[in-house]
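**Student:** One structure coming up, written as structure tokens, with questions to follow.
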Amino acid sequence: MGEILIGGTASLLICIFLSPKFIAFLRAREFGQQIRDEGPKGHHAKAGTPTMGGIIMFTAISIPFLILVDYDDTRAIGVYVAAMALAGVGLLDDAQKVFKRRSLGLKGRWKLIATVVITIFLWYVATEEAGLDTTLRLRTLDATIDLGPFYIVLIYLVVAGTSNAVNLTDGLDGLAAGCAAIVLLAYLGITFITGGQQELALLCGCLVGACIGFLWFNAFPATIFMGDTGSLGLGGAVGGLAVMTKTEELLILLGGIFVVEALSVIIQVFSFQTFRKRVFLMAPIHHHFEIAGWSETKIILLFWIIATVCAAIGFTLYQKSIS
């Protein structure tokens, strides 16, 4: 427990103390956010806000984690490497946007290739190094399904789905960081109450600390954005934790707010392409409420509340399944 508190607190403090200089560095070089023309009108005032805050987040996570972790625990190392790899993909994406002064970054095929490689890595660590089975545990039904060779497909869906869902959620000041902190706090509880997962709990503590420390500067009105570096990295961490804790099914509840955001985009695209009609004023769904006239702070607080309720239900179901 002591190492988890130390790791989380260290990540929080590193993020808080290093961020001001990092923000000043980004401002001096005009490494600012590019805003899409078709986005909400109120967001155009945010153009130029320093981005790539995920760099400082994962620096804050890495320092205490790499000092305190037991390197014999391949699950924790596997999740960390997967998260860092996706953060690296996000960094390349952010760099493309910043240097080319456009809102479009890395091409989709490169993201796909990177996600497949990371999936193979997680599958190998989970099944060969950590000795996890290839079953999908349906904890809500108290049942298991042996996926055999198709287990790697499940891992891909979890990693790709979660990283993209967190990325879609990162559209309002502090929304993704706050929701990620809530979901990761639930995973901290899951790994802490389960025997033999203390190193995963340490990683969760560092992730939560960094998210909260980053919120000091990312909360409305944001002075820095996490960019794809942060959102893809955090999504990779959540997806990796779901794989290593065998909570792939419960992730739908634990990360309920991310599921809602992703579904809103899927529904909008399907509806428009099929019926030429839009279900929402704009997707992801947080933009729908913005255009409907809700204040940004009201949307953020509402989504944080929903994220908390979903994470609490997911954690309760997990606790019940192991009791």
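Since every read-out is calculated from the coordinates, none of them should be taken as a lab result. Everything quoted here is computed from the prediction, not taken from an experiment. Glycine gets a Cβ as well: all are built from the backbone with ideal geometry, and neighbour counts include every protein chain shown.
**Student:** Placing unit charges on C-beta atoms (Lys and Arg positive, Asp and Glu negative, everything else neutral), compute the dipole magnitude of the chain about its Cα centre in debye, rounded to 20.
**Tutor:** Using Cβ point charges on Lys, Arg, Asp and Glu, the chain gives about 1280 debye.
**Student:** Something else about it: Hey, if you drop one equal point scatterer on each alpha-carbon of segment 107-159 and run the Debye formula without solvent, what base-10 log of I(q)/I(0) do you get at q = 0.13, 0.14 Å⁻¹?
**Tutor:** -0.36, -0.41
**Student:** Which one, Phe275, Phe17, Phe225, has the greatest fluctuation when you compute a Gaussian network model over the chain with C-alpha springs under 10 angstrom?
**Tutor:** Per the Cα network of the chain with a 10 Å cutoff, Phe275 tops the list.
**Student:** Still on this model: Work the Kirkwood hydrodynamic radius out for segment 155-237: mean of 1/r over every pair of different alpha-carbon atoms, inverted, in Å.
**Tutor:** Mean inverse Cα-Cα distance, inverted, gives 13.0 Å.
**Student:** Name the residue farthest towards the positive end of the dipole of segment 116-271 from the options Trp123, Asn167, Ile152, assuming +1 on Cβ of Lys and Arg, -1 on Cβ of Asp and Glu, about the Cα centre.
**Tutor:** Most positive-ward Cα: Asn167.
**Student:** While we're on this one: Would you mind calculating the relative contact order of segment 2-247 from Cα pairs under 8 angstrom and at least 6 residues apart, reporting the percent as a whole number?
**Tutor:** Value for segment 2-247: 36 percent.
**Student:** Beyond 25 Å, what share of the Cα-Cα pairs of segment 78-210 is found? Please give it as a whole percent.
**Tutor:** Result for the distance tail: 34 percent.
**Student:** Follow-up. In a Gaussian network model over the chain where Cα atoms closer than 10 Å are linked, find which of Thr297, Thr245, Thr144 has the largest mean-square fluctuation.
**Tutor:** With Cα springs under 10 Å in the chain, the top fluctuation among Thr297, Thr245, Thr144 is at Thr144.
**Student:** Take the alpha-carbon centre of segment 182-255, take the same for segment 117-164, and report the distance between them in whole Å.
**Tutor:** With segment 182-255 and segment 117-164 each reduced to a Cα centre, they are spaced 18 Å.
**Student:** Once Lys and Arg get +1 and Asp and Glu get -1 on their Cβ, which of Ile23, Leu5, Val238 lies farthest toward the positive end of the dipole of the chain?
**Tutor:** Value: Ile23.
**Student:** Select from Cys310, Cys206, Cys179 the residue whose mean-square fluctuation is largest in a Gaussian network model of the chain (Cα-Cα springs shorter than 10 Å).
**Tutor:** Largest GNM mean-square fluctuation: Cys310.
**Student:** How big is the equivalent ellipsoid of segment 129-177 along its three axes, where each semi-axis is √(5λ) from the Cα gyration tensor, reported in whole Å from largest to smallest?
**Tutor:** 29, 13, 10
**Student:** Which ordering of Tyr80, Tyr71, Tyr156 is given by a fewest-first count of other beta-carbon atoms within 10 Å?
**Tutor:** Tyr71, Tyr156, Tyr80
**Student:** Can I ask one more? Could you give me the percent of Cα pairs per 5 Å distance bin for segment 219-298, shortest bin first, beginning at zero and ending with the bin that holds the maximum distance?
**Tutor:** Using 5 Å bins, I get a P(r) of 3, 13, 14, 19, 20, 16, 11, 4, 0 for segment 219-298.
**Student:** Could you tell me what a quarter of the Cα convex hull surface of segment 2-247 works out to, in nm² with one decimal place?
**Tutor:** Projected over every direction and averaged, the Cα hull of segment 2-247 covers 13.2 nm².
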